[in-house]
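Visitor: Here it is, the structure in full.
Throughout, read-outs are computed from the coordinates displayed, never taken from laboratory work. Computed from a predicted structure; not experimentally measured. Every residue, glycine as well, gets a Cβ built from its backbone with ideal geometry; the counts of neighbours run over all protein chains shown.
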Amino acid sequence: MCASRSESTGYRRKHPKEPSLPGPKSGGWALTASPPMRILWPKLSWWRARVCSVHNNKFTTDSPHDDKNMTTFSAWVGVDPRGVSSMYFASDSRVSWGKNTSWDHGQKVVASRVEPEIFGFTGYVTLPQTIIAKAVQQIDLRLRSANDQASIDGRVDWLYERIKKVAEEHPAIDPIEDGNFTIFYGVRIGQGMPGRSTFCLNTFAWDARSTCLKHASIPMPSRSAVLQISGTGSPWLNEKNEIWRNSDQGNTSRTMFSAFCDALKAGNDPYSGGEPQLVGIYRKGPGRVFGIVTEKGASFQGELNMELSTAAEIEWRDTLFQRVDAEGRVLKKAQRHARPAGV
């Protein structure tokens, strides 16, 4: 049986066939995360729980297999006085086979061209890359049903079933734990100011040994915050996030990307490397794939030295999160940022 229970408090109505969970309530109520989240009951014999947790004032979901997730991944949101205004996924570009063999051309974050939906992954490469590529193509071709398209829950359920089906049909690999992976899914319903639009971050963690797929919905914070960090590069990214968070620029969306770039450039994790990749969602419009300009030059989805068309519609950012052109020149009227003293 595949089940999860949150460490935070809150209650939801218990399904009559659901096994009892320990807690102070009885008589048809079960302990769950706060706010209450519904349980979906597929026709199969197993069940899954929507869970979220908060650890040390950081919104996060445990990643029990980070020692196998050979990458560095970060998900965060930007929040202004009116509410959540943006969501971003950043990743490195390295695919590794042990410590001595790597390839810095792997696409690890993806955005839909027609919907405000973004994807990323850590762990085993083949399965999540295939699942995400197919899901995005189906989304962009409008192959989801109107019912699935209508709500965040419908879109999450649709993706969950596709992940589960493909993962269950994948042959076992040796060692079996190397088949574990986590898919990150960011989505916005509606557009415009809060009340008209809602952002949501979801994780889908596949455990190859138990063939269990666990879904978690991560709560949105009241200020800009890193929501998820995953992969073998997590310890060094946490250190950089702390340095930037304590700077005079504080806990802002741009510092979270700068911390990511600093951690990747430092090269402490042998399983993370290549150029940074970035996708995002704003309050309006579909998902976006950003080009990144570092000291090595302009890159797109981790690829350096691309011949760029003058008609290319790409939003470029540098490692300080400034809006720049492909040469790294800050755009006219773009806000300028400086690296804080001592960072």
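Visitor: Can you give the FRET efficiency for Thr211 and Ala334, using 1/(1 + (r/R0)^6), R0 = 51 Å, r = Cβ-Cβ distance, to the nearest 0.05?
Guide: The value I calculate is 0.60.
Visitor: Right, here's the next one. Rounded to the nearest 0.05, what FRET efficiency is calculated for Arg142 and Ala341 with R0 set to 45 Å and r the Cβ-Cβ distance?
Guide: Computed FRET efficiency for Arg142 and Ala341 comes out at 0.35.
Visitor: Determine the sum of side-chain charges near Pro286: Lys and Arg each +1, Asp and Glu each -1, restricted to other residues whose C-beta is under 15 angstrom from that of Pro286.
Guide: It works out to a net charge of +3.
Visitor: What distance in nm separates the two pseudo spin-label positions at Asp153 and Met306, each 7 Å out from Cα along the beta-carbon direction?
Guide: Output for this residue pair reads 3.9 nm.
Visitor: Expected output is a single nm value to one decimal: the length gained when fully extending between Asn246 and His105, i.e. 0.36 nm times separation in residues minus the C-alpha distance. What is it?
Guide: 47.4 nm
Visitor: Once fully extended, how much extra length lies between Asn268 and Thr130, figured as 0.36 nm per residue of separation less the alpha-carbon to alpha-carbon distance?
Guide: The Asn268-Thr130 span can extend by a further 46.8 nm.
Visitor: As a quick test, which of the pairs Lys108/Lys265; Lys108/Lys165; Lys134/Lys265; Lys165/Lys284 have an alpha carbon distance above 27 angstrom in this structure?
Guide: Exceeds cut-off: Lys134/Lys265; Lys165/Lys284.
Visitor: At what distance in angstrom do the alpha carbon centres of region 285-343 and region 217-262 lie from each other?
Guide: 19 Å
Visitor: Please state the relative contact order of region 59-324 as a whole percent: Cα pairs under 8 Å, 6+ residues apart?
Guide: 28 percent
Visitor: About its Cα centre, what dipole magnitude does region 180-305 give when the only charges are +1 on Lys and Arg Cβ and -1 on Asp and Glu Cβ, stated in debye to the nearest 20?
Guide: 620 debye
Visitor: Still on this structure: Loop only by DSSP, 13 or fewer other Cβ within 10 Å of the Cβ. Give me the trypsin sites (Lys or Arg not before Pro) in region 211-260 that pass, ordered by residue number.
Guide: Within region 211-260, the qualifying trypsin sites (Lys or Arg not before Pro) (loop, at most 13 other Cβ atoms within 10 Å) are Arg223.
Visitor: Among all the aspartates and glutamates, which ones have a C-alpha under 12 Å from Lys240's C-alpha, if same-chain residues fewer than 8 places away are not counted?
Guide: Asp262
Visitor: Could you give the size of the charge dipole of region 59-324 about its Cα centre, using +1 on the Cβ of each K and R and -1 on the Cβ of each D and E, expressed in debye and rounded to the nearest 20?
Guide: 820 debye
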